[in-house]
Structures are given as structure tokens and as C-alpha cells.
1. Given a 1.4 angstrom probe, what's the average accessible area per residue across region 34-115, in square angstrom?
2. Top mean-square fluctuation among Ser56, Ser17, Ser76, Gaussian network model of the chain, C-alpha springs under 10 Å?
3. Once neighbouring chains are kept in place and the probe is 1.4 Å, which whole percent of the accessible area of the chain is contributed by carbon and sulfur?
4. Between Arg66 and Tyr102, what length comes free when the chain is fully extended (0.36 nm per residue of separation minus the Cα-Cα distance, one decimal in nm)?
5. So, in nm, how far is label Ala40 from label Ser56 when the simple model puts each one 7 Å beyond its Cα toward the Cβ?
6. Mind pulling the per residue volume of the convex hull built on the Cα atoms of region 24-115? Å³ is fine.
7. Using a Förster distance of 30 Å, how high is the FRET efficiency between Ile28 and Ser115, based on the Cβ-Cβ distance and rounded to 0.05?
8. Of the DSSP beta bridges with both residues in the chain, give the percent that are antiparallel, rounding to the nearest 5.
Amino acid sequence: QVHLVQSGGGLVQPGGSLRLSCAASGIIFSGYAMGWYRQAPGKQRELVATITSGNSTVYGDSVKGRFTISRDNAKSMVYLQMNSLKPEDTAVYFCNARRFPYDSWGQGTQVTVSS
């Protein structure tokens, strides 16, 4: 059974940085595509970034050039480094692990960008 535990997040001023972490257990981590998604109040969940087992990355248009996704297969961890944060980045961020037919989610962590 996949278990994803997120850490990081919180309150940051515009222009600041945060790092989210997600620890995976119960899976052969290296074989899974990992991702980060976010959901703001009243909006649908949207893609932030994904990274494949081969380290190919995809970013949502709104975060390109500001956010970086990375993974450490030895530690079964995926990270999201968020720089130049904007108020519109405020949302609950979710870690995702995917390998057909499995699709698992972390518990979510709040990121608030406000002065």
C-alpha cells in the first residue's frame, strides 16, 4: 500500500521561497512517476510539476522557471523547490505517485503567499 507523507509549506511573503518534501513508502519508488499538484479555493486541482522514473520533468505554465521538482530514489523522496512565490501560488499542494493502475495522493499541505 502506497503511503505518501508531505512536509514543508506554510506562510511566505511574495518573492520568497519554500521547499516541499514528500516521503514515499510501500512502493518501489524508482518505478513510479511522481508529481505535485495544487488546488486553490474554488478551483480545480491543477498540475504543478511531474517527474518520471527517468527524471523527465513537466511543469505547469504558471510555475515554469520558478519551481523545480526533483527526486531522490535512494531516499524515496520527491521535492518541490518554489522560488519567486506569488500570491496566486496560494493553494493546498498535493504529492502524487503514479504507476498504472496505481494513483496515490499525499495528505496535502497549505502554502500561503501573502504580505
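The values are calculated or read from the model by the stated rules, or taken from the named source; none is laboratory data. Given the structure is predicted, the values throughout are model-derived calculations rather than measurements. Cβ placement follows ideal geometry from the backbone for every residue including glycine, while neighbour counts extend to all protein chains displayed. The protein model used for the area step is the full one, side chains on, heavy atoms only, and it has no ligands, DNA or RNA in it. Shrake-Rupley method; radii C 1.70, N 1.55, O 1.52, S 1.80 Å.
1. Roughly 53 Å² per residue, with all protein chains present.
2. Ser56
3. On the way: 2990 of 6080 Å².
C and S fraction of accessible area: 49 percent.
4. Values: separation 36, 0.36 × 36 = 12.96 nm, distance 2.93 nm.
Using 0.36 nm per residue and subtracting the Cα-Cα distance, I get 10.0 nm.
5. Placing both labels 7 Å along Cα→Cβ, they lie 3.0 nm apart.
6. On the way: hull volume 9.6 nm³, N = 92.
Hull volume normalised by residue count: 105 Å³.
7. 0.10
8. Working: 39 of 42 bridges.
Bridges in the chain are about 95 percent antiparallel.
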